[in-house]
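The next block holds one structure in the form of structure tokens; read it before the comments.
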Amino acid sequence: MVNSKNRLLLTLPAGFVFPSASAAPAVPPRVQERQSITMEVLTTGYTAHDLGEDGKGITFTGTRARPGVAAVDPKVIPLGALLWVPGYGLARAEDTGGAVQGKHVDLFFLDRKDALAWGRRTETVIILRSGNGKDQ
């Protein structure tokens, strides 16, 4: 849903906590019940202050980078897609990156320490919504 200021509003499942590298939330029942697609991907973490970033934290789609944002290869996962990432939680595909190619999801963290602690993980993500924001 988009409000009158053209800001995306997400309805988060009950009990949702913004991700940190140490948190590993279970998949909420409402997520499990939805029609979805699963995909095994390489996941990594990034911040607005990583090497090559300008520190302003503006995504490819023009939104501000924040927890719950993911960079993807739009040829594989469409921009705007809503993802469930084990150990991270919900993420919206709003960004791209030169090193993000193929089945790779780069997850945003506020703190560089948390992004580095996430490391490189192979995870089975659930794509809950297609890139245009409509349910699949």
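Pairs only if they're at least six apart or on different chains, beta carbon under 7 angstrom, first in region 87-98 and of a type outside the set (Val, Ile, Thr), second surrounded by 23 or more Cβ atoms within 10 Å (Cβ to Cβ) and in a loop (DSSP other than H, G, I, E, B); list them, first residue then second.
Correct list of pairs: Tyr88/Pro19; Gly89/Pro19; Ala93/Val72; Ala93/Ile77; Ala93/Ala81.
Given the criterion in a helix (DSSP H, G or I) and over 8 Å from the mean Cα position of the chain (by Cα), identify the matching residue among Lys75, Lys113.
Lys113
Taking Phe16 as the residue in question, decide whether it is among the hydrophobic types (A, V, I, L, M, F, W, C), closer than 25 Å to Asp114 by Cβ and at pLDDT below 60.
yes
I need the full set of residues from region 120-136 which are in a loop (DSSP other than H, G, I, E, B) and either touching a Pro at 6+ places or on another chain (Cβ under 8 Å) or at pLDDT 85 or above (or both), in order please.
Answer for region 120-136, where residues must be in a loop (DSSP other than H, G, I, E, B) and either touching a Pro at 6+ places or on another chain (Cβ under 8 Å) or at pLDDT 85 or above (or both): Arg120, Ser130, Gly131, Asn132.
Among the residues of region 56-72, what is the count of those that are in a strand (DSSP E or B), under 15 Å from Val41 (Cβ atoms) and over 8 Å from the mean Cα position of the chain (by Cα)?
0
The values are calculated or read from the model by the stated rules, or taken from the named source; none is laboratory data. Source: prediction; values computed, not measured. Don't worry about glycine lacking a Cβ; one is built from the backbone with ideal geometry, like all the others, and counts go over all protein chains shown.
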